[in-house]
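The structure appears below as structure tokens.
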Amino acid sequence: MVRTENIGPRIVLVTGATGAIGRAIARQIAAVPGYEVVLACRNEEKARQAVREISQATGNQQVRYELVDVSRQASISKLVGRWQGPLHVLVNNAAISPRSRQETPEGIEMQFATNVLGYFWLIQAFSEILRQSAPARVVNVASYYAGDLDLRDLEFKRRRYHNGTAYRQSKQANRMLTVAWAERLQPYGILVNACHPGDVNSALSNSLGFGGSQSPDEGARTPVWLATDPIGQQRTGKYFADRREVRCHFGEDRVGVEALYQACLRYSNEA
Ligand SMILES: NC(=O)c1ccc[n+]([C@@H]2O[C@H](COP(=O)([O-])OP(=O)(O)OC[C@H]3O[C@@H](n4cnc5c(N)ncnc54)[C@H](OP(=O)(O)O)[C@@H]3O)[C@@H](O)[C@H]2O)c1
């Protein structure tokens, strides 16, 4: 049975839901009546714990996990292949920032594969299901800490790898690709927006040399708002912080946005 927003629960997939902000996003959404939440995780033990904790805290029994490695397109394809029923909201949140340059088994620089291609492949692979489930949304958790994108060196083969630079590049890319996907998916009733969550102490922020002044729940607030605010809010292709739209000059670079989209397509088996 195909369920829609009006006649059944809204199904939400949150990646990186064992991490600081992702777990808070998943918990806050699970607390909203009418939402079922699927935690997309790479570590099964952590995934089980997160499901238990979120179900207990919210009383929502419609919380489950799926295993996926978002840095590998084949793993994402398998997840989509076994997906049953609708998906109304995809929250792309999983990210890393290893201090030394690493590669996936496919030979792609790990931070680019996880933070950029992971988001891209998930949107691409779920786009048909999102379309069938529309009205639907994609929320890309990005950052204000963004910049240094080099389209000729997305994988740090020419530049010396520095994890902060690679991270800033990946978050700029999240914001630019939000615009590219928003334009492509708007005709099908799918809204795509990006946001800065908040400054939260986490494995990721620690590897970048930061602590964090906000709680995970504070960091989750803007992504959750984008995921669950009434469907009348029709903004798409925009960037938000503190639940307010913020002008994003990265997204205004039309040539760069399209070039980056095409570059990501070349990493995709579905191109
Ligand atoms: N923390 C901040 O201050 C801050 C500020 C701005 C933006 N952000 C953004 O917020 C998001 C969440 O960050 P966070 O601080 O909550 O980080 P975190 O606590 O380190 O969580 C990262 C999550 O991503 C998962 N993950 C990493 N690689 C994966 C892979 N290949 N496949 C599947 N899952 C994977 C991790 O899984 P494991 O649990 O198995 O490691 C973890 O659940 C990121 O997009 C980040 O860029 C964070």
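The values are calculated or read from the model by the stated rules, or taken from the named source; none is laboratory data. Keep in mind the model is a prediction, meaning the values are calculated, not measured. Using ideal geometry, Cβ is built from the backbone for each residue, glycine included, and neighbour counts are taken over all protein chains shown.
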- prompt: Is there a residue being without any contact (Cβ under 8 Å) to a residue 12 or more places away in the chain and more than 17 Å from Asn174 (Cα to Cα) anywhere in the range 88-100?
  reply: no
field: So Ala17, is it among the aliphatic types (A, V, I, L, M) and closer than 30 Å to Leu265 by Cβ
entry: yes
- line: Checked the range 107-150 for anything out of contact with any helix residue (DSSP H, G or I) (no Cβ under 8 Å at 6 or more places or on another chain) and more than 25 Å from Asp253 (Cα to Cα); matches are Gly107, Met110, Glu128, Gln132, Ser133, Pro135
- prompt: Any idea which residue in the range 163-212 is nearest to Ala31 (Cα to Cα), counting only those that are within 8 Å of the ligand (Cβ to nearest atom) and of a type in the set (Phe, Trp, Tyr)?
  reply: Phe210
field: Qualifying helices (runs of 4 or more DSSP H) (wholly inside the range 1-107; at least 2 residues being in contact with a strand residue (DSSP E or B) (Cβ under 6 Å, 6 or more places away or on another chain), within 24 Å of Thr222 (Cβ to Cβ) and modelled with pLDDT of 95 or more)
entry: 20-30, 44-58
- prompt: Going by the conditions given, is Ser215 polar (S, T, N, Q), within 9 Å of the ligand (Cβ to nearest atom) and in contact (Cβ under 8 Å) with a residue 12 or more places away in the chain?
  reply: no
- request: Among residues belonging to the range 63-75 that are surrounded by 20 or more Cβ atoms within 10 Å (Cβ to Cβ) and more than 16 Å from Val12 (Cα to Cα), point out the one that is farthest from the ligand (Cβ to nearest atom).
  value: Gln73
message: Being of a type in the set (A, V, I, L, M), farther than 30 Å from Thr58 by Cα and either loosely packed, with under 14 Cβ neighbours inside 10 Å or within 16 Å of the ligand (Cβ to nearest atom) (or both) is the requirement here; does Leu260 meet it?
response: no
- prompt: Within the range 134-162, how many residues are more than 11 Å from the ligand (Cβ to nearest atom), buried (at least 16 other Cβ atoms within 10 Å of the Cβ) and part of a loop (DSSP other than H, G, I, E, B)?
  reply: 7
task: Only residues in the range 69-85 that are acidic (Asp, Glu) count as the first member; pair them with residues that are surrounded by fewer than 20 Cβ atoms within 10 Å (Cβ to Cβ), Cβ under 6 angstrom, at least 6 apart or cross-chain, and list the lot.
output: Asp69/Arg42; Asp69/Ser75
field: Search result, residues across the range 168-196 that are of a type outside the set (A, V, I, L, M) and part of a strand (DSSP E or B)
entry: Asn193, Cys195, His196
- request: Please go through the range 79-110 and pick out each residue that is within 13 Å of the ligand (Cβ to nearest atom) and either closer than 29 Å to Gly34 by Cβ or under 14 Å from the mean Cα position of the chain (by Cα) (or both).
  value: Leu79, Val91, Asn92, Asn93, Ala94, Ala95, Ile96
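This table checks each residue for (1) within 16 Å of the chain's Cα centre (by Cα); (2) not acidic (Asp, Glu).
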| residue | (1), (2) |
| --- | --- |
| Phe156 | no, yes |
| His162 | no, yes |
| Glu183 | no, no |
| Cys195 | yes, yes |
| Leu204 | yes, yes |
| Phe210 | no, yes |
